[in-house]
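Single-structure report; data block below.
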Amino acid sequence: MAIRVVRLGTSRAAHEGVRIGTVRRPPRGVPKSEFGARDYYDVWLPSLAPSAELVEKGLGAQDERAFRAFARRYRAEMARPDASRVLDVLAALSHGADFAVGCYCEDETRCHRSVLRELLSERGAAIVP
């Protein structure tokens with residue numbers, strides 16, 4: 001039982017379980033009824049996505065310093081009570097269920113999901129490497 005951190009829209013791994021989209025917006029041009037079938041997500045959880053303003057900063061982060069600044073701000077957003085509680089729940093569920101969280105970015109190292117992976121790990125989540 002564990003969490004997979006994935007790129008939405010990619011093929012699902014065996015036993016991946018429910019795929020949760022931690023993105024601000026649904027995929028463009030894809031009917032809502034096809035989100036799961038096209039391997040985007042089964043459940044949308046935008047509360048774990050960076051704020052709209054922060055998404056822009058993250059996409060514009062051209063160097064390590066800029067990305068670290070983005071990561072600090074994202075961590076601050078995730079420290080808010082509602083987001084923090086959701087992270088706690090996901091970490092706890094990871095010990096009894098397989099599921100995935102993800103976003104659209106091609107490069108996880110320059111994406112909020114790398115920070116999300118760290119936040120879940122810090123809470124004791126079981127995470128697939």
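The values are calculated or read from the model by the stated rules, or taken from the named source; none is laboratory data. In this text, all values refer to a predicted model and were calculated from it rather than measured experimentally. When we count neighbours, we look across all protein chains shown, and the Cβ atoms used for this are built from the backbone with ideal geometry, even at glycine. Please note that ligands, DNA and RNA were not included when accessible areas were found on the heavy atoms of the full protein model with its side chains. Shrake-Rupley method; radii C 1.70, N 1.55, O 1.52, S 1.80 Å.
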Inset, instruction - Could you check how much of the accessible area of region 45-129 is carbon and sulfur, as a whole percent, using a 1.4 Å probe? - result: 54 percent
Legend entry - Cut-off 15 Å, label 7 Å out along Cα→Cβ of Arg72, residues of region 45-62 by amide N: 58
Legend entry - Per-q log10 I(q)/I(0), the chain, q = 0.12, 0.18 Å⁻¹ (Debye; single scatterer per alpha-carbon; no solvent): -0.42, -0.97
Inset, instruction - Send over a whole-number figure in Å² for the accessible area per residue of region 1-127, probe 1.4 Å. - result: 55 Å²
Inset, instruction - Before anything else, pin down the relative contact order of the chain: Cα pairs under 8 Å, at least 6 apart, normalised by residue count, whole percent. - result: 43 percent
Legend entry - Net charge of neighbours whose Cβ lies under 13 Å from the Cβ of Glu108, counting Lys and Arg as +1 and Asp and Glu as -1: +2
Inset, instruction - Report the local net charge at Glu34: Lys and Arg +1, Asp and Glu -1, summed over other residues whose C-beta lies under 14 Å from its C-beta. - result: +2
